[in-house]
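Okay, structure first, notes after.
The values are calculated or read from the model by the stated rules, or taken from the named source; none is laboratory data. Since the model is a prediction, treat every value here as computed from it, not as a measurement. Every residue, glycine among them, receives a Cβ derived from its backbone with ideal geometry; neighbour counts consider all protein chains shown. Surface areas here come from the heavy atoms of the whole protein model, side chains and all, with no ligands, DNA or RNA. Shrake-Rupley method; radii C 1.70, N 1.55, O 1.52, S 1.80 Å.
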Amino acid sequence: MFSFNMFDHPIPRVFQSRFSTQYRCFSVSMLAGPNDRSDVERGGKIIMPPSALDQLSRLNITYPMLFKLTNKNSDRVTHCGVLEFVADEGICYLPHWMMQNLLLEEGGLVQVESVNLQVATYSKFQPQSPDFLDITNPKAVLENALRNFACLTTGDVIAINYNEKIYELRVMETKPDKAVSIIECDMNVDFDAPLGYKEPERQAQHEESAEGEADHSGYTGELGFRAFSGSGNRLDGKKKGVEPSPSPVRPGDIKRGIPNYEFKLGKITFIRNSRPLVKKVEEDEAGGRFVAFSGEGQSLRKKGRKP
């Protein structure tokens, strides 16, 4: 008789530490139930069946749970987190923008694998529309929207909701890897120029003036007060006959400055008294020295003295 002792040479048991399976994916709008699940569309997490949670709990995986989604037909890859395990068996629900990145249609097959990603330190986004520039504080808006995301993948086009409007942003760069985790991280965010954005063109100012004729319109502000230069208002509200009709500017009214002929390059001259005070000095000399109580009084009614 032969006997075999199985414990003399024990067979090493390999513990599976990786989750990998295929699901048919649908958009969140196909999720049955009375509750509105629009919150799934605003983030980067998916809904998986309860069997996935049972299988993941038996594996030696790290938390938080992060997954790699692959469309084998188009070789498109993205990464995501999990929100709930309430989907029907064999089905998972994805945000619409994630299905567009993977080029998936309703009911298409997607490979779901558990992965470990490094924590993000830097990311760069490119808005897909110039309308994103209308937001007052885009970094604060993006920071608030990324709270619903678990990870970022370079090349993905994510969608965020702000003021009941959807803004799409392409992930241009992530560090330290092409796919990073953004859960409890200190990440620097940068923006690229929006797609289709054009710098405003500066119009060249062409000075067209006829020979021998000087344009004196630029000196109008130096003339000070000009009578009858305002506009009037009518009691009946009509605009007829209320346009201003200022007197024309004559070349003799323009006060031109005296150029500094002693100017040298690199020398700054501070002119203390730009105008001569000849008139004021003449008045002081004519008036003489100030004497207190030297004026004369006046009376409204002169009273005569009685004899």
Only listed residue being modelled with pLDDT of 90 or more and outside any loop (DSSP other than H, G, I, E, B), chosen from Ser29, Ser51: Ser51
query: For Glu105, are the conditions met, namely being without any contact (Cβ under 8 Å) to a residue 12 or more places away in the chain, assigned by the TED database to the domain that holds Val77 and more than 13 Å from the chain's Cα centre (by Cα)?
result: yes
- request: Out of Glu184, Glu168, report the one residue that is outside any loop (DSSP other than H, G, I, E, B) and open to solvent by 60 Å² or more (accessible area, probe 1.4 Å).
  value: Glu168
- request: Working only within region 132-176, note down all residues that are farther than 23 Å from His79 by Cα and in contact (Cβ under 8 Å) with a residue 60 or more places away in the chain.
  value: Phe132, Leu133
field: Condition check for Thr78: closer than 23 Å to Ser38 by Cβ, in a strand (DSSP E or B) and modelled with pLDDT of 90 or more
entry: yes
